[in-house]
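Since the structure comes first, as structure tokens, the remarks are kept for the end.
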Amino acid sequence: MKRPYTEGVEKTTVTLEAWRCTTCGATHIAYPKEIKDAPDPNYRAATYAELRARGCCAKAFPCPGCGALASERAHWFCGACVKSKDDARHAKRERRPWKGEPIGEDDGERYFMDGDVDELLDAYPTEAALRDAHLVFAKPHHARPFDVSEYHDDCLPDDCDVDRLFAPVMPQVEALNKALAALGPVSWVVGDVAVDEAPLWAEMHARLLEDEERQGGVP
Ligand SMILES: [Zn+2]
Ligand SMILES: [Zn+2]
């Protein structure tokens, strides 16, 4: 139900939980949510405000995941806990074997565009390194088609007959869009399908064996 703007409101006060660092005096306001992922129930019950206040001037503070003490930390969770969460996410992905398509690390930090298995195995020379890379298939970005009326949207009158206005240049616009489509991918982003590591491990082992045999053959 609608009411007049000047009626139907009253002043109220809400109480927000806050935690104060008594060392420096900083007050940390509580968010109304908990650290849901924390396996330790003590941390699950603690608010972010309490954790921020405790960490505020502390020499070292524990990871909510494993309790490991860290003196400096960019996130709530320690590196090992962040890694195990990332590993678990990667393990759940659909995976298929790599046939030389563009791939990359799932954080987008590093790409392999050339399908070069030597380059890949040089970059990740051990099973662990290959597994920790969290390789996923890259997805192409194509050039966006040029929409002449959208491009001029901000400078045309509302009642403009855009089809009639731009009709004389439509053959050129269509030619341009055809050329843009023919460009192929203009960039790549990481996708969500994982590269199956097993065939790469097999390749890695075959190479190691070859190296050993070659060295063993030298008297
Ligand atoms: Zn403080
Ligand atoms: Zn941890």
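Where a number appears in this text, it was derived from the coordinates with a stated rule and is not lab data. Every value quoted in this text rests on a predicted model; they were computed, and no experiment measured them. When we count neighbours, we look across all protein chains shown, and the Cβ atoms used for this are built from the backbone with ideal geometry, even at glycine.
Data table
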quantity: Candidates K83, K139, K178, ranked by Gaussian network fluctuation over the chain, Cα under 10 Å, top entry; calculated: K178
quantity: Rg and Dmax [Cα atoms of the range 47-197; Å; Rg one decimal, Dmax integer]; calculated: 24.7, 71
quantity: Cα-based Lys pair tally, the chain, threshold under 29 Å, eight or more apart or on separate chains; calculated: 20
quantity: For the chain, built as a Gaussian network whose Cα springs stay under 10 Å, the top-fluctuating residue of F112, F61, F137; calculated: F61
quantity: Quarter of the Cα convex hull surface for the range 131-211, i.e. its orientation-mean projected area (nm²); calculated: 9.4 nm²
quantity: Cβ-based exposure ranking for S187, S84, in which fewest neighbours within 10 Å come first; calculated: S187, S84
quantity: Charge context of G115, other residues only, Cβ under 12 angstrom, K/R +1, D/E -1; calculated: -4
quantity: Most mobile listed residue (G104, G191, G79) in the chain, GNM with C-alpha springs under 10 Å; calculated: G79
quantity: Formal net charge of residues neighbouring P102 (Cβ-Cβ distance under 10 Å; K, R +1; D, E -1); calculated: -1
quantity: Amide H partners (placed H, <5 Å) of R95, local residues excluded; calculated: A194
quantity: Value of [θ]222 nm, deg cm²/dmol, for the chain, DSSP H segments ≥ 4, -39500 (n - 2.57) each, nearest 500; calculated: -10500 deg cm²/dmol
